[in-house]
Amino acid sequence: QIKEHLFQDISFDEQPEIRFVQHHRAHACSSFMLSGFDSAAVVTADGHGEADCTNIWIADGQGIRHLQEWQLPHSLGWFYTKFTQWLGFRPHDGEGKLMGLAAYGSPNPEMFDAVAKVIWLTGDKSVYRLEPRFFLGEFSEEGPFTDEWLNLFGPPRELESMKPFTERDKDLAYAVQQALEAAGSALIEHALRLTGQERVCTAGGTFMNCKMNGVLARQVGLKNYFVQPAAGDNGIALGAGLAVAGSTGKRLRHMYMGPEFDDAAIEASLLDAGVNYRRTENVCLETATLLADSKVIGWFQGRMEAGARALGNRSILANPLDSSMRDIVNNKVKFREQWRPFCPSTTVEDGSDYFDYTGDLPFMIVACGARPGIKEKLPSVVHTDNTVRIQTVDSLDNPRFHALISAFKDLTGYGTLLNTSFNVRGEPIVCSPSDAVDCFLKTAIDALVMGDFIAIKNKR
C-alpha cells in the first residue's frame, strides 16, 4: 500500500527499495551522524515512538547499538505535555510556552511535592518512573485528565486562555521544568556510565527544551554535547535517510536547507501587493540603521531554515537594547502573550562577551546565562531568570546575517539582535516572498527587507 500511494504519480525504471527505520533509531541517527563525534552515548526521548519513549544507545565506528529503553507510560514527553495541556496550552505546540512560563515561578514545596507524585528519580538503572494512574484510564469531561490528576492539581485552565496566570500556576510550571531537568540530567549521567563515553548526543521532542539542554551541556561540557536542531519528529525523515545512507562523519554547521527566491520573484511579490519599495546598495548598513532607531524589521534572505527556529533568513528583528521592544513585538507584531521571551542572535566573535558559554551555539536550542550586567544592557533578549536561548552566527554559514549584526555593532556597540520567527501567532514561518509581504502588511513591522529590496512604512 505504501508503494501504491508513493509511486502512483512517479515512474521509475525500477522502483527503489523501501526500508523501515524504527522511530527512535531515526532520532538517534539524526543526532550522532551529524555530531562530528567519533563515538558517543546517544539518548532519545519524546512522547513515544512505537511503544518506547526513551532510549539509550552507544554509537561509534561500528554503528549505533541499542542498550536500554523505557516504554509507555514512562514517557518524559507525556509528562511535560500533560502539564502543558493543564496550563491551557495546546499539546505538541505549547511546550515551549510552559518552559518560558517556568521562569516566572519560584520554588514552592507544595508544587514540588505534587509533581513528585507524578514523576520521581529511582536511583537505579530505571533512572525515573511515572505514576501510570495519572496517564492511563478514563479521562474526565474536562479534558484528557484522570480523576486522580484533577484531585491533585484541580481543574485545568481554559485552552488558550488570556487570563493572567496565578502564582500557583507559575510555581507549578517551575516545578515541572525542574523535574524534567532532573530526569534529563539523571538520564545523561546513567547513559555515560552505561556506555563509558564522555560525549553525548540527544534527539527527540523532549530535547527541544532548550533550558534543559543548557543544563545538560554544562553537565558534560559544551564541546561534548550535541543536540540535533530538528530534534522533534520533523527530524525523523533526516534520521531515517541517514540510517540508510550511513554516517556523514561531519558536524552539522547550519540549517539553511529550504527554498530560496531570486530578485525577480521578490520584486514581483512587492509589485503585486502594491508596496512602495526601493533597492539598496548597502542592505546591511541601512537595515542596521533602522534597527538602531528601534524599527521592527521583517528580514527575508536566502534559503529558508529547516526546523522550528528562525536563524536569520526568515526572521523578525529588533533592537535588544530597547526595553520596549519585547512588548512591541509581542503585542503588535506577533500577537502573542506579553510574557514570552525572545532570543538573541550574536556573532561568534562577540557572543561570549555577553553570554556565559564557550565555542558556538548556532541553532538556538541550548540556553545559557547572561553575563553580569547584560540583562540591563540587553533587556529585550534576556529572560526574567537571566537565561537566553542563543544563536551564534558565523560569517561562513550566513555571511549576510553576520554582516548585519556587525553593522549594528558598529552603530550601537553591541553585536547582537533580537530575533524571532517571521510569523504571527498560530501561523507557520513565512516561506515565500508573498508570505512575507502579507505578514508585513497585517502587522506593525516597520520595514520589510527581502534580498536587497527595502519597503518601509511611514508609521508604526
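Here, each number is a calculation from the coordinates, and none is a lab measurement. Bear in mind the structure is a predicted one, so any value in this text is a computation, not a measurement. Here Cβ is always computed from backbone atoms with ideal geometry, including for glycine, and neighbour counts include all displayed protein chains.
Quick notes on this structure:
- ³J(HN,Hα), Karplus 6.51/-1.76/1.60, whole Hz, each residue of segment 91-105, x for Gly, Pro: x, 6, 8, x, 4, x, 5, 4, 4, x, 5, 4, 5, 8, x
- Overall form of segment 56-135 per C-alpha gyration tensor (a/c, 1.5; a/b vs b/c): prolate
- Radius, Kirkwood style, for segment 371-460 when every pair of distinct Cα atoms is counted (Å): 15.4 Å
- Peptides 200-208, 341-349, 103-111, 40-48 ordered by average Cβ neighbours within 10 Å, highest first: 200-208, 40-48, 341-349, 103-111
- Local electrostatic count at P362 - Lys and Arg +1, Asp and Glu -1, tallied over other residues with Cβ under 9 Å: -2
- Computed over segment 113-257, the ratio Rg/Rh where both radii use C-alpha atoms and Rh is Kirkwood: 1.03
- Overall shape: rounded for segment 279-424, with the ratio a/c of the largest to smallest alpha carbon gyration tensor axis below 1.5.
- Among beta bridges from DSSP that stay inside the chain, the antiparallel ones total about 75%.
- Backbone amide hydrogens, once placed in the peptide plane, bring Q68 within less than 5 Å of I56, excluding anything fewer than 5 places away on its chain.
- Packing-based order for 298-304, 351-357, using average beta carbon neighbours within 10 Å, highest first: 298-304, 351-357
- When the Cα gyration tensor is reduced to axis lengths a ≥ b ≥ c, the ratio a/c is 1.5 or higher for segment 278-330, and with a/b not above b/c it is classed as oblate.
- Segment R168-F335, extension gain: residue separation times 0.36 nm, minus the distance between their alpha carbons: 57.6 nm
- Residues whose amide H falls under 5 Å from that of T347, counting only those 5 or more places apart or on a different chain, are V393, with hydrogens built in the peptide plane.
- This model, with +1 at the C-beta of Lys and Arg and -1 at the C-beta of Asp and Glu, gives segment 345-404 a dipole about its Cα centre of some 200 debye.
- Segment 194-252 and segment 329-347: distance between their alpha carbon centers, rounded to Å: 27 Å
- Rounded to the nearest 20 debye, the dipole magnitude of segment 128-199 is 360 debye, with +1 charges on Lys and Arg beta carbons, -1 on Asp and Glu beta carbons, and the Cα centre as origin.
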